[in-house]
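The values are calculated or read from the model by the stated rules, or taken from the named source; none is laboratory data. A quick note: this is a predicted structure, and the numbers were derived from the prediction, not measured. Here the Cβ positions follow ideal geometry from the backbone for every residue, glycine too, while neighbour counts run over all protein chains shown. Each accessible area value is taken on the protein alone, full model and side chains, heavy atoms only, with ligands, DNA and RNA left out. Shrake-Rupley method; radii C 1.70, N 1.55, O 1.52, S 1.80 Å.
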Amino acid sequence: MHRAMAQNRPCALISEVGREGLIQEAVDLMKQHFEIITHRDFLQNPSLSSKIQVVFLWDNKPKPDSSLISSLPALKVIANGGVGIDHLDVPRLNALGIRVSNTPHVVSNATADMAMGLLLASARMIVEGHLITVDPKTTRFPGTEMGFEVTGSTLGIIGMGHIGFKIAQRGRGFDMKILYHNRNKRSCEDEQAVGAVYCKNMEDLLREADFVVLAVNLTPQTTGLIGHKELSLMKTTATLVNISRGRVVDQDALVEALQKRTIRAAALDVTYPEPLPRDHPLLHLPNIIITPHIGTDTLATTLKMVQTMVDNALAAVQGQQIPNEVKPL
């Protein structure tokens, strides 16, 4: 009976279980409603292609290129894990009758936590302090470069959507002065809730902020948003924090700014590509922290994301309105 029930479930394609794929707990959630097929099983048994109605995309895997899409004639939806869908050609997919969904809001707290974690680690030189402490050659703690005071400093947030607002809430807890730049001004109630001041011109924010946090979606308008000019406007004591997408920052310009100390430091959870080539100059600078795109990587957030993916996919398969459908811009 269990086998028969499983066969009646719609089929969904995932990359793999474990390692670089989905954790078992996430797959177990999916299996409550879908017959799960891994990409490896699919490649070994192409006859499964006519049964797959859903692709659960996690960390851009399985890669949704033209060859995969064209091999799935029954595909109804690509349920993306995460907010950013810059890796998907939504208009082309929609033209093929394939809908696209993402998982907004559920990632906001974890990503905002990551932004503040990077900010604090960079400001207070936590990574450097750890390396000194665990170094087998350390017999005494040497005098080190002074960290930067976070409490009472000025936080500039570029991109005041759901994640940006959560970052502002956390900054308020450190008595930071909050500046923000966004396509649209937030309501007076929102601004008052976190003590945020709107900067219509991004340049004004860059000149005043001690910490500039990027929380924008990657679009043609935000690609290369922070380059030589923008970095030159920042304080020499300022830190750039990026938890959005790597291509929002011109990395060559960032390397130069860090080398010349045009800005004090950078803390990145995203780069391009990911990971960076092992000889990339960003990996060898003393005034940078880089983490491997782990802004949403907590168990609670992962399971919330997967549940949202499942809800979106079920709606698509059943011909209903998708709660988090992504429409072409």
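Okay, here's what the table says:
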item: Flag if residue 143 is open to solvent by 40 Å² or more (accessible area, probe 1.4 Å), of a type outside the set (A, V, I, L, M, F, W, C) and on the phi > 0 side of the Ramachandran plot; result: no
item: Pair list, Cβ under 6 Å, 6 or more apart: the stretch 291-304 residue under 17 Å from residue 26 (Cα atoms) and open to solvent by 70 Å² or more (accessible area, probe 1.4 Å), other residue modelled with pLDDT of 95 or more and not in a helix (DSSP H, G or I); result: 304/106
item: Hits in the stretch 255-276 (condition: within 21 Å of residue 147 (Cβ to Cβ) and among the hydrophobic types (A, V, I, L, M, F, W, C)); result: 257, 258, 263, 265, 266, 267, 268
item: Residues (modelled with pLDDT of 95 or more and either more than 17 Å from residue 49 (Cβ to Cβ) or open to solvent by 10 Å² or more (accessible area, probe 1.4 Å) (or both)) located in the stretch 1-15; result: 10, 11, 15
item: Residues (open to solvent by less than 10 Å² (accessible area, probe 1.4 Å) and touching a strand residue (DSSP E or B) at 6+ places or on another chain (Cβ under 6 Å)) located in the stretch 200-210; result: 205, 209
item: Strands (runs of 3 or more DSSP E) contained entirely in the stretch 215-319, each with at least 1 residues that are hydroxyl-bearing (Ser, Thr, Tyr); result: 239-242
item: Entirely in the stretch 3-104, the strands (runs of 3 or more DSSP E) that have 3 or more residues that are under 30 Å from residue 161 (Cβ atoms) and within 21 Å of the chain's Cα centre (by Cα); result: 52-57, 77-80
item: Number of positions in the stretch 150-176 that are without any contact (Cβ under 8 Å) to a residue 60 or more places away in the chain, assigned to a helix (DSSP H, G or I) and open to solvent by 10 Å² or more (accessible area, probe 1.4 Å); result: 7
